[in-house]
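The values are calculated or read from the model by the stated rules, or taken from the named source; none is laboratory data. Remember, predicted model here, so these are calculated numbers, not experimental data. Cβ placement follows ideal geometry from the backbone for every residue including glycine, while neighbour counts extend to all protein chains displayed.
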Amino acid sequence: MRGLFAPFRFLSVSGQPNTEFWLTQCIILASTVLGVYLASFAGFEIAVDFDRYQSTSDVYNLERSLEAEFVDNIEKVETWIADYPEGPMTWHAANLAPRERHKLDDMVWETMRYSQRTFEVDPAIITGVRRFYSDIEAQMTIMFMQQNANGMAKHALKNMQEIAATARADVLPLLQSEIQRLDGELAKMTD
């Protein structure tokens with residue numbers, strides 16, 4: 001019998017096969033591997049949840065900033081339209097620097113070009129805001145033209161009014177509902 005166990009001599013402790021020792025060692029090894037696997041899985045899950053929270057939080061903050069700037073710009077355009085009949089020369093007199101006096105604030109909009117989270121914003125919102133800025137800019141260019149101060153300016157004012165009304169009626173509610181959705185998501189993640 002001794003010859004049969006000769007190749008497994010390395011398993012013996014104090015000359016006799018010690019199966020209890022090796023069984024406990026195998027159990028310790030298996031429990032260590034299982035423990036490391038479970039701990040890494042839990043860590044991975046926490047990291048994924050944190051990344052999802054960070055991404056949602058970044059998009060939420062981006063959209064909140066965009067909303068504030070967008071509302072300010074809509075109100076600014078509406079004020080220009082209301083004030084035009086009282087002071088059209090502020091739009092047409094070169095010495096009053098009309099382009100400098102009638103600028104939209106676009107810091108957030110310009111900054112979004114360099115943000116990693118911009119394309120996580122709903123494309124309808126980005127398109128609506130982009131159209132607002134470009135359409136208002138085009139109408140403002142017409143307004144600044146001195147040679148057509150009266151005829152084209154009134155048409156441009158009407159167009160600006162329609163653009164602002166469309167932005168307020170269509171794009172702004174979409175942006176606000178997206179912000180509310182993200183706010184709800186963030187609340188669920190923190191609970």
From the options ASP106, ASP170, ASP135, ASP122, residue that is touching a Phe, Trp or Tyr at 6+ places or on another chain (Cβ under 9 Å) and either within 21 Å of LEU62 (Cα to Cα) or surrounded by 14 or more Cβ atoms within 10 Å (Cβ to Cβ) (or both): ASP106
Listing of helices (runs of 4 or more DSSP H) fully contained in the stretch 105-176 that carry 1 or more residues being farther than 30 Å from ASP51 by Cβ and over 29 Å from the mean Cα position of the chain (by Cα): 123-144, 151-166
Verdict on GLU100 being in a helix (DSSP H, G or I) and at pLDDT 85 or above: no
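Each row is one residue, and each column tells you yes or no for (1) at pLDDT below 90; (2) out of contact with any Lys or Arg (no Cβ under 9 Å at 6 or more places or on another chain); (3) charged (D, E, K, R).
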| site | (1), (2), (3) |
| --- | --- |
| ILE46 | yes, yes, no |
| SER55 | no, no, no |
| ILE74 | no, no, no |
| ALA82 | yes, yes, no |
| GLU86 | yes, yes, yes |
Any chance GLN147 is touching a helix residue (DSSP H, G or I) at 6+ places or on another chain (Cβ under 9 Å) and either surrounded by fewer than 13 Cβ atoms within 10 Å (Cβ to Cβ) or modelled with pLDDT under 95 (or both): no
